[in-house]
Amino acid sequence: MRVGVLTGGGDCPGLNAVIRGIVRKGVQEYGYDFVGFRDGWRGPLEGDTVPLDIPAVRGILPRGGTILGSSRTNPIKAENGIRRVKENLAKYEVDALIAIGGEDTLGVATALADQYGIKCVGVPKTIDNDLASTDYTFGFDTAVNIATEAIDRLHTTAESHMRVLVVEVMGRHAGWIALHSGLAGGANVILIPEQRFDVDQVCAWVESRFKIRYAPIVVIAEGAMPKDGDLVLKDGTLDSFGHVRLSGVGEWLAKEIERRTGKEARTTVLGHVQRGGTPSAFDRWLATRFGLHAIDAVRDQDWGKMVALRGTDIVRVPLAEATAHIKTVDPKLYAEAGVFFG
Ligand code: F6P
């Protein structure tokens with residue numbers, strides 16, 4: 001059996017740990033051969049490969065990024081994309097493919113498995129933790145730790161200057177990073193894409209914090225949106241999913257807070273710092289287990305499935321189910337955090 005492996009979409013700490021788990025178990029226990037496809041779906045589309053064997057995965061467990069490279073190429077949108085993928089899989093004598101990715105990459109795997117008969121297994125990956133059917137995705141824990149450390153640091157500088165510090169974290173469609181890091185870091189306001197926010201309410205929370213001589217920290221997900229519809233129409237942009245986003249929402253909010261409260265405000269956009277560098281121990285553990293279970297799914301010829309975490313068990317779920325919708329923050333969970341606002 002020869003197995004192709006690819007990593008697609010935004011990179012994420014733990015990708016190398018998955019690749020290592022797949023290759024180590026595949027070679028040692030099942031005697032499989034591997035071929036790495038470069039840059040996500042671009043690899044099978046253009047026939048761009050890299051050797052993938054035990055020496056190639058040595059020492060990569062704690063390394064961030066992906067030794068295979070990544071891209072957001074979608075072969076379904078490319079001219080003759082499916083035919084080219086099939087031809088390249090035949091050319092490199094690939095019997096099965098393991099796709100490690102988020103909603104886009106696994107959406108392609110779903111279509112290839114369910115509509116075009118390509119033998120695919122999926123592994124969920126995203127720092128945003130917004131993939132359905134799995135309790136957690138690897139990368140999320142690392143991102144939350146990085147954001148929490150940043151919030152801890154911002155508390156002390158905010159208090160020295162009695163300023164509002166707005167921290168913009170990743171999360172286009174779901175506020176998991178904002179909610180978890182905001183709670184862990186003791187933020188005074190947490191704003192997520194799932195619920196439009198009222199700027200007057202945010203300013204009231206900010207002012208109540210100053211009244212007790214503390215400087216407020218506002219954590220905002222990059223996809224969060226104010227309630228004000230006019231503003232959205234004027235400054236909003238459409239992202240790749242066709243969702244309206246206010247670009248630079250953290251900076252925008254800091255300016256509004258200054259204008260409305262007269263308090264000095266600064267913004268920190270954490271950006272790709274949340275995605276880079278070494279994975280946390282939890283993410284290495286989860287990613288390694290996903291890798292081991294993905295190669296088991298190949299051995300069982302259980303095509304069209306994605307490995308997923310349920311409690312402490314790794315299970316298999318249909319790729320189609322996992323990619324049908326994204327997992328957003330439950331309003332009850334968000335409401336729970338409200339006790340700390342203001
Ligand atoms: O999907 C993960 C993610 O990190 C999002 O939170 C973020 O909006 C996006 O990727 C950024 O993607 P890129 O690196 O392609 O700009």
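The values are calculated or read from the model by the stated rules, or taken from the named source; none is laboratory data. What you see is a predicted model; the values in this text were computed from it and never measured. Note that each Cβ is placed from the backbone with ideal geometry, even for glycine, and that neighbours are counted across all protein chains shown.
Of the residues in the range 44-79, how many are out of contact with any strand residue (DSSP E or B) (no Cβ under 8 Å at 6 or more places or on another chain) and outside any loop (DSSP other than H, G, I, E, B)?
Step one: of the range 44-79, the residues out of contact with any strand residue (DSSP E or B) (no Cβ under 8 Å at 6 or more places or on another chain) are 45-47, 54-55, 57-65, 71-79.
Now restrict to residues that are outside any loop (DSSP other than H, G, I, E, B): 45-46, 54-55, 57.
Matching residues across the range 44-79 total 5.
Of all helices (runs of 4 or more DSSP H) completely enclosed by the range 138-233, which ones contain at least 1 residues that are within 16 Å of the ligand (Cβ to nearest atom) and farther than 30 Å from Leu309 by Cβ? Give the steps one after another, and end with the answer.
Numbers: elements: 140-161, 176-184, 199-211.
Passing ranges: none, list empty.
Within the range 235-342, which helices (runs of 4 or more DSSP H) (wholly inside it) include 1 or more residues that are in the same structural domain as Val167 (by the TED database) and under 18 Å from Ala187 (Cβ atoms)? First the steps, then the outcome.
On the way: elements: 249-261, 281-299, 319-322, 331-337.
Per the criteria, 249-261.
Of the residues Phe341, Phe290, which is touching a strand residue (DSSP E or B) at 6+ places or on another chain (Cβ under 6 Å), over 21 Å from Thr66 (Cβ atoms) and not charged (D, E, K, R)?
Details: Phe290 fails: over 21 Å from Thr66 (Cβ atoms).
Within the list Phe341, Phe290, the selection yields Phe341.
With the structure loaded, tell me whether Asp135 is assigned to a loop (DSSP other than H, G, I, E, B), crowded, with 23+ Cβ neighbours inside 10 Å and either away from the ligand (no atom under 16 Å from the Cβ) or of a type in the set (Asp, Glu) (or both) or whether it fails that test. Before the answer, list the steps.
Values: assigned to a loop (DSSP other than H, G, I, E, B): yes; crowded, with 23+ Cβ neighbours inside 10 Å: no; either away from the ligand (no atom under 16 Å from the Cβ) or of a type in the set (Asp, Glu) (or both): yes.
Answer is no for this residue.
Of everything in the range 101-124, what is within 16 Å of Thr73 (Cα to Cα) and either touching a residue at least 40 places away in the same chain (Cβ under 8 Å) or crowded, with 20+ Cβ neighbours inside 10 Å (or both)? Give them in sequence order. Walk me through how you get there before you give the answer.
Start the filter on the range 101-124 by keeping residues that are within 16 Å of Thr73 (Cα to Cα), which leaves 101-112.
If the condition is that a residue be within 16 Å of Thr73 (Cα to Cα) and either touching a residue at least 40 places away in the same chain (Cβ under 8 Å) or crowded, with 20+ Cβ neighbours inside 10 Å (or both), then Gly101, Gly102, Glu103, Asp104, Thr105, Leu106, Gly107, Val108, Ala109, Thr110, Leu112 are the ones that fit.
Return a yes/no flag: does the range 28-38 have any residue that is more than 20 Å from His293 (Cβ to Cβ), in contact (Cβ under 8 Å) with a residue 60 or more places away in the chain, part of a loop (DSSP other than H, G, I, E, B) and not hydroxyl-bearing (Ser, Thr, Tyr).
no
State yes or no: is Ile98 outside any helix (DSSP H, G or I) and within 15 Å of the ligand (Cβ to nearest atom)? Break it down into steps so the answer makes sense when it comes.
Working: outside any helix (DSSP H, G or I): yes; within 15 Å of the ligand (Cβ to nearest atom): no.
Criteria not met by Ile98.
Does Asp104 meet the test of being out of contact with any strand residue (DSSP E or B) (no Cβ under 7 Å at 6 or more places or on another chain), at pLDDT below 95 and not polar (S, T, N, Q)? Break it down into steps so the answer makes sense when it comes.
Numbers: out of contact with any strand residue (DSSP E or B) (no Cβ under 7 Å at 6 or more places or on another chain): yes; at pLDDT below 95: yes; not polar (S, T, N, Q): yes.
Yes: the conditions hold for Asp104.
Give the residues of the range 322-342 that are surrounded by fewer than 15 Cβ atoms within 10 Å (Cβ to Cβ) and in contact (Cβ under 8 Å) with a residue 60 or more places away in the chain, sorted by residue number.
Filtering the range 322-342 down to residues surrounded by fewer than 15 Cβ atoms within 10 Å (Cβ to Cβ) leaves 324-325, 330-332, 335-336, 338-340.
Once the filter is applied, which keeps residues that are surrounded by fewer than 15 Cβ atoms within 10 Å (Cβ to Cβ) and in contact (Cβ under 8 Å) with a residue 60 or more places away in the chain, the range 322-342 yields Ala324, His325, Pro331, Phe340.
Within the range 19-51, which residues are within 16 Å of the ligand (Cβ to nearest atom) and either crowded, with 23+ Cβ neighbours inside 10 Å or assigned by the TED database to the domain that holds Gly271 (or both)? Let's see the steps before the verdict.
Taking the range 19-51 first, the residues within 16 Å of the ligand (Cβ to nearest atom) are 39-42.
Matches in the range 19-51: Gly40, Trp41.
Can you tell me which condition Gly248 does not meet? The list is (1) modelled with pLDDT under 95; (2) more than 16 Å from the ligand (Cβ to nearest atom), and all the others hold.
It fails just one condition, (2).
So which residues in the range 270-301 are among the aliphatic types (A, V, I, L, M) and within 14 Å of the ligand (Cβ to nearest atom), if there are any at all? Step through it out loud before you land on a result.
First, the residues of the range 270-301 that are among the aliphatic types (A, V, I, L, M): 270, 273, 281, 286-287, 292, 294-295, 297-298.
Selection gives Leu270, Val273.
Under 19 Å from Ile19 (Cβ atoms) and either within 12 Å of the ligand (Cβ to nearest atom) or of a type in the set (Asp, Glu) (or both): is that true of Thr126 in this structure?
Working: under 19 Å from Ile19 (Cβ atoms): yes; either within 12 Å of the ligand (Cβ to nearest atom) or of a type in the set (Asp, Glu) (or both): yes.
Yes.
Output the residues belonging to the range 101-132 that are in contact with a helix residue (DSSP H, G or I) (Cβ under 7 Å, 6 or more places away or on another chain), polar (S, T, N, Q) and in a helix (DSSP H, G or I).
Scanning the range 101-132 gives a single hit, Thr110.
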